[in-house]
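Right, one structure below, let's go through it.
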């Protein structure tokens, strides 16, 4: 079995938000929507205080609350663990957006327009009406993964088969791969470093790991 | 004495009210069209407050629908014969309120055009999907119940169907409360007490609306109404308010006890601005304590004005309760990393401020208008209303 997960090394992330920009560019998300966003956190107590930048988004949970609450089966799960949304089945009730513990879901009601003066050509050309009025979220760039698998590439290793945010990370803080493969980059990173996941206490089994060393 | 049921006449007042409610409904549909045409960004809703004012009205009406059937249940299930003549109106009002609530809910969807998808593609793990069954089932069961009440040839089944409807509505309100109770992500929800709390609230809202509608219809059509019959509901209504208040107190005290829910409670009880005001002034003072005083104070016994005032306050308080529950619950920033202060370019860690817009209010009022229109048209075309309910008919309690 394959389960794709993402690993963020918080010792490496500098909070540049290049991942956010790369995601927006790749997925043409509307203004105000960040499928990949970066939290700015303070850790520790004075005088031992550090800033930590934490990339977040859809955790592609193994047991996703958003999928369980979806009344119309629009939210589903692939065999490789990716949590998906069928835009044609979503009725836009918003229950998944309220149910997600990671604030990872968005409802977009109008086509994107970054500037008041009018929509740019790129915005018009990349408009996806199917995503209006429904829930949307990070896909782990499933189209790239699918393309890579069809062409014998390895997601997380070959850029063409890897999520855009991982490719764009300037410090290689983001890594992607198959956690079920002990030789994958993510498995080796997790074996060698301390790590945690968001809201593990909820039992959602998130597919997004954070490397973090106590100092 | 035998009760006669008669349709109401088309008086000038009837037509005026029909026109007024029709205008409100048209305004609601217009508001829905604006929201559908331009998108929800013209409302106060955003990616933090996904459920706005329309949901406040919708959930209030749906919860009240279940409780409105209570008067019929008192007659059929609990054998209080004096209430039997009011059972038909009780059933009609229950259907009408549910229709109004569902109209709002459906028109507030991101894709209302996909209603057929919601009705044909079910995820049976979703309490929301179960609620679709429960709502549709409620329509069918109450319609069947009304049939047994109105057709002498099947009236022998009224008790059994009435009992089934009684059980079904308890399950329905449990389902509605569980929509919030199952939300593990939200500190303000995520509690099993939401289901019994919603049952108690349904009994309060439904009964208050029933008393107002029944009084209005009888007085408006010049029919004799033994107000002592409605006055007997005073103590019951006051008791249900006390029960809802107790469950509300248990909900908040339990949350205050659990450190993980403390921030959410502080926002609702102390620091939430309009949400805090809606809780203390709307839900507790106007919606609970004042009506209880009007209903249970012996000085107001037999005072119809006090009863009706209490019912109006209960409805206002009910809307405030739903506002606190739905808007307040979403305003609490999600605890992404417990114990950490978080900021981002996406409002993470910030209390969300929500300002309802006119289209949202219009849609909400439109749903209420639809409910009353259904009642008004119903009593005109079918014999739902007794021609009189004199005190002699109410003697046997």
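The values are calculated or read from the model by the stated rules, or taken from the named source; none is laboratory data. All values derive from a computational prediction rather than experimental measurement. Neighbour counts are summed over all protein chains in view; Cβ atoms, including those assigned to glycine, are modelled from backbone coordinates with ideal geometry.
Selection of helices (runs of 4 or more DSSP H) fully inside segment B:20-127 by the criterion of at least 3 residues being within 28 Å of residue B:160 (Cβ to Cβ) returns B:53-68, B:70-76, B:87-107. Scanning segment B:265-279 for residues that are in contact with a helix residue (DSSP H, G or I) (Cβ under 8 Å, 6 or more places away or on another chain) and in a helix (DSSP H, G or I) yields B:265, B:267, B:268, B:269, B:270, B:275, B:276, B:278, B:279. Once segment A:28-51 is narrowed to residues that are free of Cβ contacts under 8 Å to residues at least 60 places away in the same chain and surrounded by 19 or more Cβ atoms within 10 Å (Cβ to Cβ), the residue that is nearest to residue A:122 (Cα to Cα) is A:34. Apart from one condition, residue B:376 fits all of (1) within 22 Å of the chain's Cα centre (by Cα); (2) within 14 Å of chain A (Cβ to nearest Cβ); the exception is (2). Being touching a residue at least 60 places away in the same chain (Cβ under 8 Å), under 23 Å from residue B:86 (Cα atoms) and assigned to a helix (DSSP H, G or I), is that true of even one residue in segment B:177-193? Within segment B:177-193, not a single residue is touching a residue at least 60 places away in the same chain (Cβ under 8 Å), under 23 Å from residue B:86 (Cα atoms) and assigned to a helix (DSSP H, G or I). Considering B:39, B:19, the condition of being free of Cβ contacts under 8 Å to residues at least 24 places away in the same chain and at positive phi is satisfied by B:39 alone. Out of A:81, A:94, one residue alone is touching a residue at least 24 places away in the same chain (Cβ under 8 Å) and closer than 19 Å to residue B:42 by Cα. It is A:94. Of all the residues in segment A:28-43, those that are at the interface with another protein chain (Cβ under 7 Å from one of its Cβ atoms) and at pLDDT 90 or above number 5.
Here residue A:62 qualifies as modelled with pLDDT of 95 or more and surrounded by fewer than 21 Cβ atoms within 10 Å (Cβ to Cβ). Can you find a residue that is within 14 Å of chain B (Cβ to nearest Cβ), under 23 Å from residue A:204 (Cα atoms), surrounded by 24 or more Cβ atoms within 10 Å (Cβ to Cβ) and in contact with a helix residue (DSSP H, G or I) (Cβ under 9 Å, 6 or more places away or on another chain) anywhere in segment A:151-165? No, segment A:151-165 contains no residue that is within 14 Å of chain B (Cβ to nearest Cβ), under 23 Å from residue A:204 (Cα atoms), surrounded by 24 or more Cβ atoms within 10 Å (Cβ to Cβ) and in contact with a helix residue (DSSP H, G or I) (Cβ under 9 Å, 6 or more places away or on another chain).
Does segment B:140-153 contain any residue that is within 14 Å of chain A (Cβ to nearest Cβ) and surrounded by 14 or more Cβ atoms within 10 Å (Cβ to Cβ)? Scanning segment B:140-153, I find no residue that is within 14 Å of chain A (Cβ to nearest Cβ) and surrounded by 14 or more Cβ atoms within 10 Å (Cβ to Cβ), so the answer is no. Counting the residues of segment A:33-56 that are over 11 Å from residue A:19 (Cα atoms) and in a loop (DSSP other than H, G, I, E, B) gives 3.
Here residue A:110 clears all of (1) at the interface with chain B (Cβ under 8 Å from one of its Cβ atoms); (2) modelled with pLDDT under 95; (3) buried (at least 18 other Cβ atoms within 10 Å of the Cβ) except the condition numbered (3). There is at least one residue in segment B:15-37 that is exposed (fewer than 14 other Cβ atoms within 10 Å of the Cβ), under 30 Å from residue B:377 (Cβ atoms) and modelled with pLDDT under 90. Of the candidates B:200, B:129, the single residue that is on the phi < 0 side of the Ramachandran plot, crowded, with 16+ Cβ neighbours inside 10 Å and more than 14 Å from chain A (Cβ to nearest Cβ) is B:200. Of the helices (runs of 4 or more DSSP H) entirely within segment A:138-215, those holding at least 3 residues that are within 27 Å of residue A:25 (Cα to Cα) occupy A:142-150, A:164-168. On the stretch given as segment B:6-52, residues that are within 14 Å of chain A (Cβ to nearest Cβ) and either within 18 Å of residue B:326 (Cβ to Cβ) or under 21 Å from the mean Cα position of the chain (by Cα) (or both) total 13. Across segment B:335-353, not a single residue is classified as away from chain A (no Cβ under 14 Å) and surrounded by 24 or more Cβ atoms within 10 Å (Cβ to Cβ). Screening A:96, A:141 for residues that are under 26 Å from residue A:203 (Cβ atoms) and crowded, with 23+ Cβ neighbours inside 10 Å leaves exactly one candidate, A:96.
Counted as qualifying within segment B:285-397 are the helices (runs of 4 or more DSSP H) with 3 or more residues that are out of contact with any strand residue (DSSP E or B) (no Cβ under 9 Å at 6 or more places or on another chain) and without any contact (Cβ under 8 Å) to a residue 60 or more places away in the chain, namely B:290-296, B:304-322. For segment B:158-192, the set of residues classified as closer than 23 Å to residue B:333 by Cα, more than 14 Å from chain A (Cβ to nearest Cβ) and modelled with pLDDT under 95 consists of B:191, B:192, listed by residue number. Restricting attention to segment A:12-27 and to residues that are in a loop (DSSP other than H, G, I, E, B) and free of Cβ contacts under 8 Å to residues at least 40 places away in the same chain, the residue that is nearest to the other protein chains (Cβ to nearest Cβ) turns out to be A:17. Scoring residue B:140 on the criteria (1) modelled with pLDDT of 95 or more; (2) over 20 Å from residue B:64 (Cα atoms) leaves a single failure, condition (2). Residues of segment A:58-89 that are facing chain B (nearest Cβ under 7 Å) and either in a loop (DSSP other than H, G, I, E, B) or closer than 16 Å to residue A:199 by Cα (or both): A:65, A:70, A:71, A:72, A:73, A:89.
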